[in-house]
1. Compute the signed sum of charges (Lys and Arg +1, Asp and Glu -1) over the other residues within less than 14 Å, Cβ to Cβ, of B:ALA97.
2. How big is the charge dipole of segment A:69-280 about its Cα centre, in debye rounded to the nearest 20, if each Lys and Arg gets +1 on its Cβ and each Asp and Glu gets -1 on its Cβ?
3. Collect residues whose amide H, placed 1.01 Å from N in the peptide plane, falls under 5 Å from the amide H of B:LEU271; neighbours closer than 5 in sequence don't count.
4. From the phi angles alone, apply the Karplus equation (6.51, -1.76, 1.60; θ = phi - 60°) to segment B:113-119 and give each ³J(HN,Hα) in whole Hz, x where the residue is Gly or Pro.
5. Once both axes come from the Cα atoms, what is the angle between helix B:136-149 and the longest principal axis of chain B, in degrees from 0 to 90, rounded to 10?
6. For a label point 7 Å from the Cα of B:ASP94 along Cα→C-beta, name the residues of segment A:162-206 whose backbone N is under 14 Å from it.
7. Considering the dipole of chain A built from charges on the beta carbon (Lys and Arg +1, Asp and Glu -1) around the Cα centre, which of A:ALA74, A:PRO32, A:ILE237 is farthest to its positive end?
8. In whole Å, what are the Cα extents of chain A along the three principal axes, biggest one first?
Amino acid sequence: MSDQRGMVQRRGLGHWFTHLGLIIGVLFIFFPIWLAFVASTVTQPEIVRPPMPLLPGGHFIENYSKALFAGVNAPVATMMLNSLIMALGITIGKIVISLTSAFAIVYFRFPGRTVFFWLIFLTLMLPVEVRIVPTYEVIANFGMLNSYSGLIFPLIASATATFLFRQFFLTVPDELTEAARVDGASPMQFFFHILLPMSRTNIAALFVILFIYGWNQYLWPLLITTDPSMNTIVMGIKQMFPSGDDLADWPVIMATSILAMVPPVIVVISMQKLFIRGLVDSEK
Amino acid sequence: MATLTLDNVRKSFGATDVIHGVNIEVTDGEFIVIVGPSGCGKSTLLRMVAGLEGITSGEIRIDGHRVNEAEPMERNIAMVFQNYALYPHMSVFDNMAYGLKIAKTPKDEIAARVASAAKLLQLEPYLQRKPRELSGGQRQRVAMGRAIVRKPAVFLFDEPLSNLDAKLRVQMRLEIKQLQRELGVTSLYVTHDQVEAMTLADRMIVMNAGVADQIGKPLEVYENPQTEFVAGFIGSPATNFMPAGSVGVSVGKTVGIRPEHIQLTDTPTRLKARVAYCEALGAETLVHLRLPHGQLITVRQGGHLPLPSEGTDLWLGWHDAAMMVFGADGRRI
């Protein structure tokens, strides 16, 4: 309460400076996105001719439909679908796997429990880039190049999410588990009826984070998809860049960039409420 | 409706024994309170009956059937937990109905049973609320409702009132007693509060360091404690203990005298003591006196008697029958 009063009292000059700072910051971050948007609504010659236009042109529909349905190497619609399948596959897979493994680690006493936990924990220290060559080898031997399974499976397990759920499960009072036992719930019934609904906000927060993580995957799709029809949008943008003497179709590339941003934004906005609740409080 | 038998029940965690063989025969519909200080094993004992803790040796029988290996649900018990342990994401109705749903009870029967329990506990207006929208007393009622709808053979209460404020505790205590009478279900109730034990119990078990020191009717236990521990633990303010020799008793090691059994007089009686301070509670007054060698003695006298002023010397007197003599092993002689 006293903090709040302090903030109210600081109204005046400081108040304006804070807002000014924030507005400048927002403009600073927003400007490149705005430029990309402008570039996606004009023609190629207009971009190349200085000065660069700062207001949207009249080719919005033309450029975007060209990007979506024709693209450069593959239609952006296809790439978006690929990205969506990969991002959802990774997100849902990660959540399902980490929920169940955290459940096992927290609620069951089995030989090697701690060993397994630390093994999972250790993999936190190994980023994709470190193990990418052996992973590629494995996926190639399985014949999973240029396939959704190849895109999804190597990224499907998450130590971070497992750890997060473990920490959450540890805060669930033991009495709740015991009450469920007295009520006659089997372990899996306890999991589905009680633990899962209680983890709702955590799952939502993770869904947002992991969806963006999956959507933004760049290096791995770049390595294993050689067929343009399997390209994901984030790596697809790079593939659109001209090689050699070709001319870059900048309006289409920019339209693709803007399109690539849309799904994560939709996910964040639609799940904002749950997401923030999941990060801020654990509902108990 | 069932009997409950504990037959030399023991529990150890590794090499540490926490329950050293408890025997009790609980008759159908009886209300048994297990009372003792924290760490005496009373909760462990209850959880063993519930099936939440294993039994190292001995046997627990419900209605004559050995249940040592049975899952909690198979024992036909219901438990009320200290922090209520309500499922936070479920409505009051679903909290009460959960056990029945698991047992695949028909829907209309679930509705009927929950409705009658809700009526009994005055929870009808709250059935659609979530536990976090209820007060402490209401949550406690929901926890009891969850136990009632199952129609169990035995109710188990694990310090159910300790999270409530003092006033609510008194009210809920009466409600629990009334409810148990009405339903006639055999009950086992754990508490560290001797007032709860005295008021609720048909019989009480006083536990001390994993041993059932005494089992009996509350007044019987109060009037006739079998060990020094029981004499000290039951009764408030606590019994005064004095070395047997200092009060002229030749047998035993310690003599215990309850505060209400000592009379204060100006004329010489048994022991002389100086008034240290008084606590006037209205209906009664607690007078704390210091014996010459420094020990404090508490005397409880009627509030209508004149308040002795601090620092005056008075005499302590009591009847021989008021003396409870304990041996070196703490047992009553």
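1. Details: positive: B:LYS101, B:LYS104, B:LYS107, B:ARG113, B:ARG146, B:ARG150, B:LYS151; negative: A:ASP183, B:ASP94, B:ASP108, B:GLU109.
For residues surrounding B:ALA97, the net value is +3.
2. Details: 10 positive and 10 negative charges, 122 e Å.
Using only the charged Cβ atoms, the result is roughly 580 debye.
3. B:LEU316
4. Taking θ as phi minus 60°, the curve returns 5, 5, 4, 6, 5, 4, 5 Hz for segment B:113-119.
5. Helix B:136-149 and the main axis of chain B meet at about 60 degrees.
6. Hits in segment A:162-206 for B:ASP94 at 14 Å: A:190-201.
7. A:PRO32
8. 74, 67, 31
The values are calculated or read from the model by the stated rules, or taken from the named source; none is laboratory data. Being a predicted model, the structure only gives us computed values, none of them experimental. Every residue, glycine as well, gets a Cβ built from its backbone with ideal geometry; the counts of neighbours run over all protein chains shown. Just the protein is used for accessible areas: all its heavy atoms, side chains included, with ligands, DNA and RNA removed. Shrake-Rupley method; radii C 1.70, N 1.55, O 1.52, S 1.80 Å.
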